[in-house]
1. Report every pair of residues separated by at least 6 positions or lying on different chains whose Cβ atoms are under 6 Å apart, first residue within region 536-558 and in contact (Cβ under 8 Å) with a residue 60 or more places away in the chain, second open to solvent by 30 Å² or more (accessible area, probe 1.4 Å) and among the acidic types (Asp, Glu).
2. Return a yes/no flag: does region 202-224 have any residue that is open to solvent by less than 10 Å² (accessible area, probe 1.4 Å), closer than 19 Å to residue 41 by Cβ and part of a helix (DSSP H, G or I).
3. So is residue 541 part of a loop (DSSP other than H, G, I, E, B), open to solvent by 60 Å² or more (accessible area, probe 1.4 Å) and β-branched (Val, Ile, Thr) or not?
4. Yes or no: residue 518 within 31 Å of the chain's Cα centre (by Cα), under 16 Å from residue 556 (Cα atoms) and either open to solvent by less than 30 Å² (accessible area, probe 1.4 Å) or in contact (Cβ under 8 Å) with a residue 24 or more places away in the chain (or both)?
5. With the structure loaded, tell me whether residue 173 is out of contact with any strand residue (DSSP E or B) (no Cβ under 6 Å at 6 or more places or on another chain), crowded, with 22+ Cβ neighbours inside 10 Å and in a loop (DSSP other than H, G, I, E, B) or whether it fails that test.
6. Among the numbered criteria (1) buried (at least 20 other Cβ atoms within 10 Å of the Cβ); (2) closer than 24 Å to residue 482 by Cβ; (3) over 14 Å from the mean Cα position of the chain (by Cα); (4) not acidic (Asp, Glu), which single criterion is violated by residue 143?
7. Go through (1) of a type outside the set (A, V, I, L, M); (2) crowded, with 17+ Cβ neighbours inside 10 Å; (3) more than 19 Å from residue 440 (Cα to Cα) for residue 528 and report which single condition fails.
8. Would you point out the residue of region 297-354, among those that are charged (D, E, K, R) and open to solvent by less than 80 Å² (accessible area, probe 1.4 Å), that is farthest from residue 287 (Cα to Cα)?
Amino acid sequence: MRTTEQAAAAPTTARPRERYIDVWRAAAVLRIVVYHGSGLAWLTLLFPAMGLMFALAGSLTARSLDRSPSRVVRGRLRRLLPPLWAYGAIMLPLTFRDGWGPFLDEPRERIDLLWWIVPVEWPPPGGAEWGWMVTAVLWYLVAYLWFVVLAPVTLRIFRGWPVPTLLVALAAPVILHFELITVGGSFESLARDLSTYFACWIVGYAHRDRLLHRIPGPVFAAGVLILAGAATVWLFRHGGGRADFDLNHHPVANAWWSTAFVATVLRCDQPLHWLRPGSRLDRAVAVINARAVTVYLWHFPMLGLAQHLLDGANFGDWTRRALTTGVVAAATCVPVLALGWVEDLAARRRPSIVPPALKKPVDAGPSPALLKPAGAGRPDQWARRTLALFGVTAVAVVVVTGGWTGDSTSGSSGHSGDSDRQPVHEQEDFVSDLPYTALRNGLGPIERDRTNGTADPDDGDPIVLAGVSYDHGLGVSTPSAVRLYPRPGCLRFTAIVGIDPTGDGGTATFQIIADDTSIAMIGPLEPGQTSDVAVDITGATRLDLIVEDDQGSVSAVWADAKLVCSQ
């Protein structure tokens, strides 16, 4: 503990950039673009980029807090918000071409547009069917903002109790998974995101304070591999039955696997002598870092453009993936060239279409003295060995999951690995047993296998519609939106929908949206009325269950809701 405080209090030498961090951040941004363009789920295992982004941000935030704590939050907001405002000023009006949409159709809901100014919550899109693509990536900015705002407190806690803080961070997603602590309403997804990546952020603190380099090599390697092994077990335990091995769909496995990865990468922090200053690669790294927010924001809507351009074309699976990724990358260059200068202004640099390379690149690797504390042996070699072992483990998991599913793709680009397979039999997955994102809920948390109740968690009643009891389902309060991610091979969504008879009455309309297409609209239903729902979701990668009221908040139920999938 004393050593941590002394390291934090030690004077730091001003460094304009840290090349090791810049290189990894550039690689992470490119991996995110490739993942969304190709839909290859195994990329989340080989390179958990989002966890690395949060870890790098945590390290840099700790450095800033040590230098000028009073200006950290203001400075980070200044760098983050202008690119978001430029993005929203163009894209948000376009999403209103089809009206306000399900998230803003009530005047009382339009105050949520303020989240586009300061995104402390997920900002809503307008009514265009593709509007979800405009806001889908904004969760990262929201989570990043909260991490930065809380950083003065979390860094102080970490430096007082480093090991307990990390253990709490690793336990946080487990606590939410088993609902030992429940966060309701629209903050449910935020709590999930923060809990998933909090440990990675804490590892960033440990990197800045050189704690990673003080852990004896064998102990470090054992800890990383045990954590990665636990993540693998969790992934197979909770994803094997649905053949879903995308880490983004499993917060606990994602948190543990990403933490193991980023700890290994950051312990390997070394001067990059092989990266020649002024070379093409060095310049590319500088450009991606100077335009990272713009690339991140704009690449996902360009995925919709790529799908539109390639729709109906007869390409093979891998050809389509490659072409989609290429179109996304090329199309993203347009807003980067047109609007990237906003990031220059935000960083108080001279605006330019293409940012110049760094004149004096600086290595960020820890000094040899810090890398070789007493009793630590040769941490450089142990870090490299651990990274190699982690890579071998990741490849092995990818190979096993690929054989398990017949294809190790996430389908986020609309690809289905099961299109040429004949189903042996069908399997039913109850929605209440699956991970989902609660985009919003009118009152309290969305309840699993019970009605919505009041604002408190787990306070609903058994599900009963028209005198029939149901053991499974979701209880919601309008306005409500639940997002599911069907695994490859899912064929149908079925449910019985209706108004909770124990509620205060009212009428409600139920809507089901698969990807960007509305596939069912039921209602308005009154108390006592029910409707059987059975819709084809073949090839769908995202399913939104939306319930809207007509004259006031209504308790509604998706009873016996399930996905029917081929095995």
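The values are calculated or read from the model by the stated rules, or taken from the named source; none is laboratory data. None of these values were measured; they are calculated from a predicted model. In this analysis, Cβ positions are derived from the backbone assuming ideal geometry, glycine residues included, and neighbour counts consider all displayed protein chains. All accessible areas refer to the heavy atoms of the entire protein, side chains included, with ligands and DNA or RNA removed. Shrake-Rupley method; radii C 1.70, N 1.55, O 1.52, S 1.80 Å.
1. That search, which allows pairs on different chains as well, returns 542/515.
2. There is no residue in region 202-224 that is open to solvent by less than 10 Å² (accessible area, probe 1.4 Å), closer than 19 Å to residue 41 by Cβ and part of a helix (DSSP H, G or I).
3. Details: part of a loop (DSSP other than H, G, I, E, B): yes; open to solvent by 60 Å² or more (accessible area, probe 1.4 Å): no; β-branched (Val, Ile, Thr): yes.
It is false that residue 541 is part of a loop (DSSP other than H, G, I, E, B), open to solvent by 60 Å² or more (accessible area, probe 1.4 Å) and β-branched (Val, Ile, Thr).
4. So residue 518 does not fit the description; no.
5. On the way: out of contact with any strand residue (DSSP E or B) (no Cβ under 6 Å at 6 or more places or on another chain): yes; crowded, with 22+ Cβ neighbours inside 10 Å: yes; in a loop (DSSP other than H, G, I, E, B): no.
The answer is no for residue 173.
6. It fails just one condition, (3).
7. For residue 528, the failing item is (2).
8. The qualifying residue farthest from residue 287 (Cα to Cα) is 317.
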